[in-house]
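The values are calculated or read from the model by the stated rules, or taken from the named source; none is laboratory data. Keep in mind that this is a model prediction, so the values were computed, not measured. A quick note on method: Cβ atoms are made from the backbone with ideal geometry, for glycine too, and the neighbour counts reach across all protein chains shown.
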């Protein structure tokens, strides 16, 4: 995952640099664009699942427990404390273990990309004569989980995707640089809902099931530019 994490950090840094270069005066109310980067950790790296060939739910996959997070958004600031935006983010996790044919977690390879898209609503708590703005927010959307070359020794490679609902809660602080530029530092709790999926085995038979919900904690930094 080193290359993906490095790519995310570089992308965020370039985006921040571009915003600073083009910055000029702008109204508080109106359209804005934003970029963010951060560090995400899984609440539980071993994810349970209920398969149609299992009588009970058990750990089906173990992921690397952390990932770089980066993304961007476009939104509207209503200048009454409320903001509404559309956002996309990306995370990526290496696969460390996977359930094998005899229902035992064994060493595995591959990775899972997590692409999120959703709508966020924020409330900025404006403080007179202080260039710091606390904020709280919540969002709803969907995630696409993309398995890339996931396999255990002697088994077929999994390259499949699944879609699941997601929700997020955010809070943090914004720091005014100019009338149009604000830096932010915050915390994000993202939940990914139950995931339904199926896969065809090497022998042609299929297996389906439902994976448990996932919680992701993230520390983020970002920059917002208002037009």
Residue in the range 130-143 that is nearest to residue 170 (Cα to Cα), counting only those that are surrounded by fewer than 14 Cβ atoms within 10 Å (Cβ to Cβ) and in contact (Cβ under 8 Å) with a residue 12 or more places away in the chain: 140
For the structure I just gave you, tell me whether residue 69 is within 17 Å of residue 176 (Cα to Cα) and modelled with pLDDT of 95 or more. no
Any residue at all in the range 156-170 that is over 22 Å from the mean Cα position of the chain (by Cα), without any contact (Cβ under 8 Å) to a residue 60 or more places away in the chain and surrounded by 15 or more Cβ atoms within 10 Å (Cβ to Cβ)? no
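Here's the yes/no breakdown for (1) surrounded by 15 or more Cβ atoms within 10 Å (Cβ to Cβ); (2) out of contact with any strand residue (DSSP E or B) (no Cβ under 9 Å at 6 or more places or on another chain); (3) modelled with pLDDT of 80 or more:
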| residue | (1), (2), (3) |
| --- | --- |
| 190 | yes, no, yes |
| 196 | no, no, no |
| 206 | no, no, no |
| 209 | yes, no, no |
| 218 | yes, no, yes |
Residue that is modelled with pLDDT under 95, buried (at least 17 other Cβ atoms within 10 Å of the Cβ), out of contact with any helix residue (DSSP H, G or I) (no Cβ under 7 Å at 6 or more places or on another chain) and over 12 Å from residue 64 (Cα atoms), where the choices are 127, 105: 105
List pairs: first in the range 56-75 and under 21 Å from residue 35 (Cβ atoms), second modelled with pLDDT under 95, Cβ under 6 Å, 6+ apart or cross-chain? 68/5; 68/8; 70/8; 70/11; 70/12
